Every structure is written in C-alpha cells, then in structure tokens.
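Please treat every number below as a calculation from the coordinates, not as lab data. Computed from a predicted structure; not experimentally measured. When we count neighbours, we look across all protein chains shown, and the Cβ atoms used for this are built from the backbone with ideal geometry, even at glycine.
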Amino acid sequence: MKRALLIIIPILLVFSLIVFWAFNSHIEYKAQMEAKEAHKKRIEKNVISAVANLIKEYNAFDWVKEIKGRKEIFDPILTVELEKLLLTDRPTLFIGVIKDIRTFDQEFYILRIENIRPHRANLELAIKSPMQKVNSLLKEHPNLSKNYPGGVAVVAKINNISAVGGKDDIRIGEGKSIDIIYVEDVRIWYYLDR
C-alpha cells in the first residue's frame, strides 16, 4: 500500500501542476486577447472620431464611399468619373500613406500620398501642404512614411487629375491640402460598416 501511495502521490502532484499551468496559461491568453481587442476598439474609435470630425469641419466629400455606392469592387473606374467626383468646389477626404515629400518652395511641401485601394481607383495625391504642418506631423510621428497601417487623413482641394499609364494605371489628384492629421490605421475608415 505504501508503495502504491509513493507512485500515486507524485503522479497526482504532476497532474495537478499540469492542470494548474494549463489553467493559468488559458487565463493569460484570454487576458491578452481581451487587451488586443480593447486596443483595436480604441484605435477604431479614435480613427472614426478624427475622420468624422474632419468631414464635419470642412464639409469634405468622402469620395471612396461614393465610389463604393456606385461600383462593384472590381469594376474599373475611369479618370472622367474621378473628375466628376473630385473637381468640385467641395474639398475631398483622402486617406492613405505618405510615399514621398518634396520641397515646393520656402513655405510648402508637395506630399505624394498613396491610396489604400479598397476599390479599383488607383488614385494618389500630389498636394501642396504647409511645411509647418507637415514638419509638426513628422516630429510627432517620425516613422510616418514607414509605419503602415499608420497614415494620414487629408482634406484637400483637388484642381486636376492626371493619368499615368502603365501596369498600375495610376491617377494623380493634384491640389492643395486644407488639413492633414495622423491616423493610427488607414484601413479602418473604409473597411468598417458605417
């Protein structure tokens, strides 16, 4: 009997430790998943709020929402369609990532901003933006051009759309930024149901 207890007790002890470890691992995993979900929800709330405020403040036109309402995702979008949407008196909301910055003059940069492409309109912006605003944005977010999914929301007045042929058939909207803000995840605005 003593011999059986000497065998059973260590087995029960090991089994108890395994159960205890598994239970704690599950609790930790669940806490990590809940923290990730809370972080994601916080980012979503911040992005939606910031972009909605831009639209409201400048009466900006959400051109992607308009395209999504008219076209299937794989339908081609012609430059003339973009001209009808964007070359108006109303400023346009554009969300994307900064691909390049070059000096225009002593007060302005030209920002090249690439669209996140939730549709077939390969549109980029080449917009004149105040150096002071861009420098402030880059100071706060030094890896902005390398930090996808982080990017920018821009309200801009588009004056011209040019087409660059080639494999990607890119359209470039040229104009001047009215306001530009950092957004933690450029995908959120267009991929959430609003």
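Here are some pairs, K99/K128; K40/K139; K133/K157; K36/K56; K56/K157; K128/K157; which of them have Cα atoms lying more than 19 Å apart in this structure? From K99/K128; K40/K139; K133/K157; K36/K56; K56/K157; K128/K157, over 19 Å: K40/K139; K36/K56.
Over the chain, dividing the summed -39,500 (n - 2.57) contributions of all DSSP H runs of at least 4 residues by the number of residues returns a 222 nm mean residue ellipticity of -15000 deg cm²/dmol.
For a straight C-alpha distance cut-off of 17 angstrom, the aspartates and glutamates reachable from K41 (same-chain residues fewer than eight places away being disregarded) are E184, D185, D193. Legend: Rg and Dmax of region 1-46, from Cα coordinates, 19.9, 67 Å.
For region 44-191, the relative contact order works out to 27 percent when only alpha carbon pairs closer than 8 Å and six or more residues apart are counted. A full extension of the chain between R3 and K45 corresponds to an added length of 8.8 nm, given 0.36 nm per residue minus the alpha carbon distance. Normalised by the number of residues in region 121-177, the mean separation of alpha-carbon contacts (under 8 Å, six or more apart) gives a relative contact order of 51 percent. Shape annotation for region 44-191: C-alpha extents along the principal axes are 39, 36, 30 Å, from largest to smallest. The dipole here belongs to the chain: it is taken about the Cα centre, uses +1 on the Cβ of Lys and Arg and -1 on the Cβ of Asp and Glu, and is about 680 debye.
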